[in-house]
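> Here you go, one structure.
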Amino acid sequence: MKRKILVTGGAGNVGGSLARRLVENEDNFVVIIDNLLTGSIDKLPKDDYKNWKFINANVNIISDISEIMTSFSFDYVYHYAAVVGVQRTLENPRMVLDDIEGIKNILDLSKNTGVTRVFFSSSSEVYGEPVEIPQVEDTTPLNSRLPYAIVKNVSEAFCRSYFQEFGLHYTIFRFFNTYGPLQSDDFVVTKFINLALKNNDITIYGDGLQTRTFCFIEDNIDTTIKIMEEDLCINSTVNIGSEITVTMEELADMIINIAGSNSNKIYLPPLKEGDMRRRKPDIKKMKKVLNRELVTLESGIVRTMDYIKRNL
């Protein structure tokens, strides 16, 4: 019997990459939901695979998804649908708050239709401006301030509450910066790559010394699928990211060098909010699951750049 899996937000970078990988296993049947606000049908699995179905729907609207979840009786749900992107979430705080309805709808329908476990895509943003480095899932205080971070924090609480009250199992993934071939060009790595390939100026907010870690999509997907397939990390929270930090200035230099670009770095005023100075996850849990070395930033940039060049 095929394992029935729902992926919400499955036309985005992480959701689309996840769905593409899931359909490679013929024992899976994957239903993908996305309202295409920021997603794209180009990120869906290829037509070569017949074990998937796409439905244009909004998980924040109960009537959009109730019939879908009732009809299919999913075994697992990856709830990745959300308003994403620092600028987009800052400019549309009311829209971000609507995502609370999405997690409520998913959890209510999951507990009523026999879902085994819900996997929720939270974010490093729940840590806010970190009070310790690295950020550890079970001990670092959550310092959510922006609407996007608050919604993720509230959604995590919903996951824990539905387990406590209804026995609905969950795993929370706190995603740190994840990049790869399917990422849209309004995120930093792909934005810098596109600018470098065109020899255009690369703009950096502030002094460029804010640090981030960047996780290649393959590491993310390998971890999150393995957690499902091997029944790992049940009712727990897992940081999904990289432990190697890089400044925005160093990232720009690396991409310029790899591309052999003539781009110059241009510094803009700092963002008023949302641009935290430091980010670094503790990924002991992730590394134990993955059980291999992570893809290096240089290698991931090369692979992402090659894909972008082929599709220019």
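> Please work out which residue is nearest to LYS265 (Cα to Cα), limiting yourself to the stretch 180-231 and to residues that are at pLDDT below 95 and aliphatic (A, V, I, L, M).
Only one residue fits best here, namely ILE204.
> When you go through (1) acidic (Asp, Glu); (2) within 20 Å of the chain's Cα centre (by Cα); (3) assigned to a helix (DSSP H, G or I) one by one for ASP186, which number turns out not to apply?
(3)
> Mind listing just one residue for me: the one in the stretch 98-135 that is among the aliphatic types (A, V, I, L, M) and over 18 Å from the mean Cα position of the chain (by Cα) and, of those, nearest to GLU243 (Cα to Cα)?
ILE133
> Moving on to the next point. What are the residues in the stretch 50-82 that are at pLDDT below 95 and either more than 30 Å from ASN311 (Cβ to Cβ) or more than 21 Å from the chain's Cα centre (by Cα) (or both), if any?
Once the filter is applied, which keeps residues that are at pLDDT below 95 and either more than 30 Å from ASN311 (Cβ to Cβ) or more than 21 Å from the chain's Cα centre (by Cα) (or both), the stretch 50-82 yields only LYS50.
> On to the next question. Return the residue satisfying two criteria in turn: it lies in the stretch 1-19 and is out of contact with any helix residue (DSSP H, G or I) (no Cβ under 7 Å at 6 or more places or on another chain) and surrounded by fewer than 22 Cβ atoms within 10 Å (Cβ to Cβ), and of such residues it is farthest from ASP75 (Cα to Cα).
MET1
> Looking at ARG145 and the list (1) modelled with pLDDT under 95; (2) basic (Lys, Arg); (3) in contact with a Phe, Trp or Tyr (Cβ under 9 Å, 6 or more places away or on another chain), which single condition is not satisfied?
Checking ARG145 against (1) modelled with pLDDT under 95; (2) basic (Lys, Arg); (3) in contact with a Phe, Trp or Tyr (Cβ under 9 Å, 6 or more places away or on another chain), the one that fails is (3).
> Oh, and also: Could you check the stretch 258-312 and list, in sequence order, the residues that are without any contact (Cβ under 8 Å) to a residue 24 or more places away in the chain and among the acidic types (Asp, Glu)?
GLU293, ASP306 - these are the residues of the stretch 258-312 that are without any contact (Cβ under 8 Å) to a residue 24 or more places away in the chain and among the acidic types (Asp, Glu).
> Scan the stretch 262-277 and tell me whether some residue there is more than 29 Å from SER144 (Cα to Cα), in the same structural domain as GLY10 (by TED's automatic domain parsing), of a type outside the set (Lys, Arg) and at pLDDT 95 or above.
no
The rows are residues; the columns are (1) in contact with a strand residue (DSSP E or B) (Cβ under 6 Å, 6 or more places away or on another chain); (2) surrounded by 12 or more Cβ atoms within 10 Å (Cβ to Cβ); (3) closer than 16 Å to VAL188 by Cα; (4) basic (Lys, Arg).
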position	(1), (2), (3), (4)
ILE240	yes, yes, no, no
GLU249	no, yes, yes, no
SER263	yes, yes, yes, no
ILE283	yes, yes, no, no
ARG310	no, no, no, yes
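The values are calculated or read from the model by the stated rules, or taken from the named source; none is laboratory data. Only a predicted model underlies this, so the values are computations on that prediction, with no experimental measurement involved. Positions of Cβ are generated from backbone atoms using ideal geometry, with glycine treated the same way; all protein chains shown enter the neighbour counts.
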